[in-house]
1. Can we say Leu125 is farther than 25 Å from Glu205 by Cβ and open to solvent by less than 10 Å² (accessible area, probe 1.4 Å)?
2. I'm trying to understand the selection: among the residues of segment 189-223, which are exposed (fewer than 15 other Cβ atoms within 10 Å of the Cβ) and within 19 Å of Val86 (Cα to Cα)?
3. Which is farther than 27 Å from Leu28 by Cα and basic (Lys, Arg), of Lys104, Lys179?
4. Please determine, by comparing only the residues of segment 51-77 that are surrounded by fewer than 18 Cβ atoms within 10 Å (Cβ to Cβ) and not in a loop (DSSP other than H, G, I, E, B), which one is nearest to the ligand (Cβ to nearest atom).
5. Would you confirm whether or not segment 163-183 contains a residue that is in contact (Cβ under 8 Å) with a residue 12 or more places away in the chain, small (Gly, Ala, Ser) and under 29 Å from Ile220 (Cβ atoms)?
6. Please name all residue pairs, on different chains or six or more residues apart, with Cβ atoms under 7 Å, provided the first residue is in segment 78-93 and is touching a residue at least 60 places away in the same chain (Cβ under 8 Å) and the second residue is among the hydroxyl-bearing types (Ser, Thr, Tyr).
7. From the residues in segment 139-188 that are over 21 Å from Ser83 (Cα atoms) and of a type in the set (S, T, N, Q), which one is surrounded by the most Cβ atoms within 10 Å (Cβ to Cβ)?
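The values are calculated or read from the model by the stated rules, or taken from the named source; none is laboratory data. Just so you know, these numbers come straight off a predicted model, no measurement behind them. Because the Cβ atoms are built from the backbone with ideal geometry, glycine has one as well, and the counts that use them run over all protein chains shown. Just the protein is used for accessible areas: all its heavy atoms, side chains included, with ligands, DNA and RNA removed. Shrake-Rupley method; radii C 1.70, N 1.55, O 1.52, S 1.80 Å.
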Amino acid sequence: MVNNVAVGKVFIHLKIIDSTNAYARQLLSKTKPAEGTVIFADEQTSGKGQLNKHWESEAGKNLTFSVILYPDFLNTTRIHALSQAVSLSLLDFFHSFQISTTIKWPNDIYEQDKKLAGILIENALVKENLSYSIIGIGINVNQTVFNPELLNPVSMKLIQQKEFELKPLLESYFPFLEKRYFELKAGEDVKMKQEYRSNLYGLMEKRTFETAQKKFEGMITGVDANGRLMIETDEDVLKFSTNEVVYL
Ligand code: BTN
């Protein structure tokens, strides 16, 4: 087995940038940064979230960073496994602070009914395999006041009533990502998928879901081999790709 990646050995700390993911992409267009390179910003002026949304984060209060990986051992049929591995690494990280979290499919990290962290993975492909992945992560840490338009944010400070020092906190995350990335490399997808499933927000609970066409009642039973969300209704088992279904 190839040695594991040293996440954060190369560490780029920026005061202000549009988006750490965009910075990573620029870097990748010019050079080949070491695998595990981390780009961390105190402030993002144009942080990106999923579904083309903006990622809001108060300057100097939170962790907003990107990690460059080269998962060339993953072909396109296993892309979702990377997102599952990253989600699990964040669950492990929060667990180390006695914060219990779940994964709102596909990869929002929730503490009870509130969002504590978000992940935005941007991939490049060469033929059937991944050539690079930019793992963008936003963790709400010391922020206590949020834009009221945001649905349900929470931060580590709001949960634990204490401030965290950002850089040591970020460094303490790296081993968790290394471990899960190693498991992925070792082909332990099945074990990870089981862990991912058992930590899904709303698993086996009756909920209302919404697609572009309709609202319906159902229960999340897990994810399929392609990472699609499986929802059991009275009539059927439905499967959804990212962005095809929303739920609260
Ligand atoms: C989401 O939940 O919508 C994903 C949020 C991802 C935000 C992070 S912050 C660091 C990195 N750079 C970005 O522009 N976005 C990601």
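1. no
2. Val190, Lys191, Gln194, Ser198
3. Result of the check over Lys104, Lys179: Lys104.
4. Here the residue is Leu51.
5. no
6. Leu82/Ser133; Gln84/Tyr196; Ala85/Tyr181; Ser87/Tyr196; Leu88/Tyr196; Leu91/Thr101; Phe93/Tyr173
7. So, considering only residues that are over 21 Å from Ser83 (Cα atoms) and of a type in the set (S, T, N, Q), the one surrounded by the most Cβ atoms within 10 Å (Cβ to Cβ) is Ser155.
Okay, residues lined up against (1) in contact with a Phe, Trp or Tyr (Cβ under 9 Å, 6 or more places away or on another chain); (2) more than 14 Å from the ligand (Cβ to nearest atom):
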position	(1), (2)
Ile134	no, no
Pro153	yes, no
Met156	yes, yes
Phe164	yes, yes
Ser172	yes, yes
Glu178	no, yes
Gln194	no, yes
Arg197	no, yes
